[in-house]
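In what follows, a single structure is set out as structure tokens and then discussed.
What follows draws every value from the coordinates through simple rules; no lab data is involved. Being a predicted model, the structure only gives us computed values, none of them experimental. When we count neighbours, we look across all protein chains shown, and the Cβ atoms used for this are built from the backbone with ideal geometry, even at glycine.
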């Protein structure tokens, strides 16, 4: 008798649970979030061009991953700060970011666009690398303090790699 009663009660509970209202979808493209992501992009450019690796690092989540062109992947804020410190010790940087698409979805967002990246060596006589330009995709997360930060940072150069010199004639 207990079994006959338990099964319909359990099925009824499952049916009620299945009919409950799902949680609301996260807000998409909330104006305040879009403005905050735009401000983060501008702050990123400003701190990068100022050569302040610690300030750049503060714009990333602690578990961020940065995969920059022709560089090893940096995993974690500390690795990103160390890598950026190395760059800034050798070069003065002039970077520009031009957003093509920005979307927020609750506590997550992405920003996709184009970049230009010019390096001026700090060592006299060292030649400057060619100006780089390309595309970027940044995934962002609203951190526990409510601030938007970069969680994943990927860039892709559209400048072709230099071709190796042609072999000299008569030499193999």
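The table below lists the values:
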item: Hey, residue 169 loosely packed, with under 11 Cβ neighbours inside 10 Å and more than 17 Å from residue 59 (Cα to Cα) or not; result: yes
item: Answer residue from segment 16-64, given it is touching a helix residue (DSSP H, G or I) at 6+ places or on another chain (Cβ under 6 Å), without any contact (Cβ under 8 Å) to a residue 24 or more places away in the chain and not in a strand (DSSP E or B) and is surrounded by the most Cβ atoms within 10 Å (Cβ to Cβ) among those; result: 47
item: Leading residue by the ranking (surrounded by the fewest Cβ atoms within 10 Å (Cβ to Cβ)) among those in segment 70-91 that are in contact with a helix residue (DSSP H, G or I) (Cβ under 7 Å, 6 or more places away or on another chain) and assigned to a helix (DSSP H, G or I); result: 85
item: Within segment 114-132, considering residues that are under 17 Å from the mean Cα position of the chain (by Cα) and surrounded by fewer than 18 Cβ atoms within 10 Å (Cβ to Cβ), the one nearest to residue 64 (Cα to Cα); result: 114
item: Members of segment 93-110 found to be loosely packed, with under 15 Cβ neighbours inside 10 Å and under 23 Å from residue 120 (Cα atoms), listed by number; result: 94, 96, 98
item: Residues of segment 133-156 classified as under 15 Å from residue 67 (Cβ atoms) and surrounded by 14 or more Cβ atoms within 10 Å (Cβ to Cβ), total; result: 12
